[in-house]
Amino acid sequence: MGKYCEICNKGFMSGNLVSHSNRKTKRKWAPNVQRVHVLIDGTSTKMNVCTRCLRSGKVVRSI
């Protein structure tokens, strides 16, 4: 189970951490993924969903 969204497949992004002296080292940016209960076809399941999908209404949370 990696840190990616199961709805939009958003995952890690890579880039450089740049210091003041312009030295570069690799780093990763992780998406804001939360494990939530989601209603799919009337049944409640746990999914990894990013907050963008939660806010846009692509999934319906179950309580």
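Below are the figures for this structure:
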item: In the chain, lysine pairs closer than 23 Å at Cα, eight or more apart or cross-chain; result: 9
item: Neighbour cut-off at most 11 other Cβ (10 Å), DSSP loop, trypsin sites (Lys or Arg not before Pro), the chain; result: Arg23
item: Span per principal axis, largest first, for the Cα atoms of the chain (Å); result: 55, 23, 17
item: Sequence of Ser14, Ser21, Ser62, Ser56 once ranked by neighbouring C-beta atoms within 10 Å, starting from the fewest; result: Ser21, Ser14, Ser56, Ser62
item: FRET efficiency estimate (nearest 0.05) - Cβ-Cβ, Val18 to Thr43, R0 35 angstrom; result: 0.15
item: For Gln34, residues with placed amide H under 5 Å, excluding near neighbours; result: Val49, Cys50, Thr51
item: Order of Met47, Met13 under a 10 Å beta carbon neighbour criterion, fewest first; result: Met13, Met47
item: Isolated Cys in the chain, by beta carbon distance under 4.7 Å; result: Cys8, Cys53
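We did not get these values from a lab; they are worked out from the coordinates using the rules stated. Being a predicted model, the structure only gives us computed values, none of them experimental. Reconstructed Cβ throughout: ideal geometry from the backbone, glycine too, with neighbour counts over all protein chains shown.
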